[in-house]
Amino acid sequence: MKTFLKWIFPIVFSGTMLGQNYTRFNGDSITLNNGIIKRTFSFSDNRWNTARFGILEGKDTLIGRSEDFSFLLDDELITGNSSWEFKNQKSLNTKDGGYGFSVTLQQKINSPTIEVTLFYVMYPNLPITRKWMNIKNISSREIKIEGMVIESLNTTLEATSSWVYQNYARMKHLMKYIGDWDDALVVVHDMGKQKGIALGNETIGVLKRTAFHTEKNNIEIGLTQPDQDYAFRKWLKPNEKWEIPKVFIGLYNNRNDGFDIVNNEINYFIKKHMKPRVLNMEEKPTFIYNTWYPFRTHINDSLIRSVAKAAAECGIEEFVIDDGWQVNSHRQSSIRGWGENYGDWLVDKNKFPDGLKPVFDYIKSLGMKPGLWISIGSATKDSKVFQEHPEWFVRNEEGAIGNLHFDSKEDQGFYTASFGTPWKNYIKGILLGLVKDYGLAYAKLDLAVVCSPYVNNESIAGSYAENHPKYKDQPESLIVLYDELISFFDELHKEAPDLFIDCTFETAGKLHMMDYALAKNAEGNWLSNFEEASPVGALRVRQMAWWRSPALPASSLVIGNLPMDDPDFMFGFKSLIGTVPIVLGDPRKIWSEKKELIHKWAIWLKAMQKKHDYMSYRKDLKGFGEPNEGMWDGWQRINFQTKSGGIFGVFKQGALESDRQVFLTELNPKDTYEIREAVSEKIVLKEKGEFLMKNGIKIEIPKPYGGKIFEVTKASTP
């Protein structure tokens, strides 16, 4: 075996970083080592295994010999322990800053069916490895792939003493766990051993599956199994190749809290290496307005202009017109709250006699970027596009044209288009026309395209169309429709690179769902429709932001619908600063003094973003937990790369204490920093970074409900 491998590996890549070799060959094994963690692979007896995976410090092994991957090929279980022939290896130096290798294996049988290529990378100074796979059909017949487990590993963690941090790593579970669409990130933390494993799943939408202890202390990261809701399936034609989504694993030891790796190493990995789209924007929006609440679809030219003028006086940067601007070819205006005139996306001349361009030009003249809502996968029966192209729409179980947004067997004249048809190019043309003709800068893309957040029946998902050119059956349609949605975003960005795509949770497929696949391909995700006045609405915003960050970028979390005309709006507004502030309501009802105050905040936020790029960062404040009634909560958005400073927010939600001590992180201990209260710029403390991190600063909020925002910045040299 060693002789064979020496022949197949005449040269082994050594990714050199900080003087360390990442990849080494030694006989029948390959080792990936970045100086922090080490993962060893073996190829012996025609088996490909992860032999050991652990932390170098203390020689702490968290993962022992494992099958590495598994899936079903035409209902037969295939794993790393199946019989393989080693075909080739290649070095990897990835665009995201990773170093590693790939190996290609082929079934070792007389008539092999598949070829599998495995990709492994590590990153400088991080205990994280990333993996993905390709499967190629090298047979002369069509094959079926199901039950895809990209990482199938045996751990040394004990199920009886391990917490599973699930649901964005914020909730806790004991013993056997099988996750769902809300498990972009899971942490398995052994309390007794003070060590654990973070499991990142970059699969999109409802197809995610991350599990622990389904056998004995094992972990699995991949796609849904055949016996689950929204079961994954992929058919491959002869010579067809499929790239499987990425996953990542982070290891740690000597820690009492499993979330610590999320707040630190995972947070850094996402910012520096995964690079979600919103974090790559040169100009990130810091203040957005949307018309949905309270106007719903009852909008027109004069209303939009008057609301836009009032919004501009408050310092709004981007002004988004929601549902109600459009009409189908019959030219009859919408009269209900929503669900009418979808498909043709013509401007309603009854509401906007001169079209949208003069309105958009007026919005731009006020110093704001224009945005627009559109349901990218919906059409009503009265639309011309539906009448001319019924073949562009999904089919339900009975074979009739389907609607994925409602749980109803009745034909309501509302249908869901399939992105696996020419509809994709049709709706892309609509959006690009709006960009070209009107200068559209923000696109809120809404309603179900794969499955619905409001439907409990998992059979109402995807398409049951027969003889479809892009998917063979309904299970395969799920991955195809998601893939086509992502490529739709990519194609839009290619032709309109500055367009902010807001992919709503309804388009994503489940209530309040956000994940890495969406964050990598769309700038934001409209996560909610909270319309409660403060203090309830403000609390819900902070809970949602806490729940999904920092596992996901806070600036991709678009949390609606807090109204600007709420008497206690400033509490809600300060709460929104922990994400990307998007506000609704009627700004015309706000008195001039309050508009001036909100405008000052808008100017301050823009200045903080320019100075610190705070929108690219968010961490939990030490000693603060989930926002809850009767408690304090807070966050920090400090630039942990430059350590120049940033902002932090502290909130009191009916707590009995009148003050709390706040401890910051991500400061240089020897540098002097100033703490300035927003928006007065008043210096409330000037101390060394070491003092602020060890001794902290006392924050007082005398009223039962309230919030304070501060800047922390390096003191200027005398």
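Here are a few things to note about the model shown:
- Order by protection proxy (mean Cβ within 10 Å, highest first), peptides 481-489, 171-179, 649-657: 481-489, 649-657, 171-179
- When shorter helices are ignored and each DSSP H run of at least 4 residues is given -39500 (n - 2.57), the per-residue value for the chain at 222 nm works out to -5500 deg cm²/dmol.
- Gyration tensor over the Cα atoms of the range 441-592: the corresponding equivalent ellipsoid has semi-axes (square roots of 5 times the eigenvalues, largest first) of 33, 17, 13 Å.
- Charged-residue dipole, Cβ positions (Lys, Arg, Asp, Glu), the range 199-263 about Cα centre, Debye nearest 20: 260 debye
- Ranked packing of 314-320, 215-221, most packed first, by mean Cβ within 10 Å: 314-320, 215-221
- Virtual spin-label span in nm between residue 227 and residue 473, 7 Å along Cα→Cβ: 1.8 nm
- Peptides 464-474, 151-161 ranked from most to least packed by the mean count of surrounding Cβ atoms within 10 Å: 151-161, 464-474.
- Alpha carbon Rg of the chain, scaled by the compact-globule rule 2.2 N^0.38 Å: 0.99
- In terms of its Cα atoms, the range 254-363 spans 66, 31, 24 Å along the principal axes, sorted from long to short.
- Heavy-atom accessible surface of the chain: percent carbon and sulfur, 1.4 Å: 48 percent
- DSSP bridge analysis restricted to the chain gives an antiparallel fraction near 85%, rounded to the nearest 5.
- Set of aspartates and glutamates with alpha-carbon distance to residue 131 below 12 Å, sequence-local pairs under 8 removed: 68, 151, 202, 243
- Distance between the pseudo-spin-label points of residue 191 and residue 139 (7 Å out from Cα toward the beta carbon): 4.8 nm.
- Taking each residue as 0.36 nm, the span from residue 410 to residue 158 lengthens on full extension beyond its C-alpha to C-alpha distance by 85.7 nm.
- Ordered from longest to shortest, the equivalent ellipsoid semi-axes for the range 83-129 are 28, 9, 7 Å, each the square root of 5 times a Cα gyration tensor eigenvalue.
- Radius ratio Rg over Rh of the range 563-718, counting only Cα atoms, Kirkwood formula for Rh: 0.97
- Calculated accessible area for the chain comes out at 37 Å² per residue, all protein chains present (probe 1.4 Å; ligands, DNA, RNA ignored).
- The range 366-450: translational diffusion in µm²/s, Stokes-Einstein, Kirkwood Rh over Cα pairs, 10 °C, 1.306 mPa s: 114 µm²/s
- Counting 0.36 nm for each residue step from residue 59 to residue 330 and taking away their Cα separation leaves a gain of 90.4 nm.
- Alpha carbon convex hull of the range 121-260, volume per residue in cubic angstrom: 112 Å³
- Subtracting the Cα-Cα distance of residue 298 and residue 243 from their residue separation scaled by 0.36 nm leaves 15.3 nm.
- Using the Cβ-Cβ distance between residue 494 and residue 214 with R0 = 45 Å, the FRET efficiency computed as 1/(1 + (r/R0)^6) comes to roughly 0.65.
- Among the listed pairs 381/436; 652/698; 364/444; 59/272; 284/594, those whose Cα-Cα separation exceeds 21 Å are 381/436; 59/272; 284/594.
The values are calculated or read from the model by the stated rules, or taken from the named source; none is laboratory data. This is a predicted model, so every value here is computed, not measured. FYI the Cβ positions are ideal-geometry reconstructions off the backbone, even for glycines, and counts take in every protein chain you see. Please note that ligands, DNA and RNA were not included when accessible areas were found on the heavy atoms of the full protein model with its side chains. Shrake-Rupley method; radii C 1.70, N 1.55, O 1.52, S 1.80 Å.
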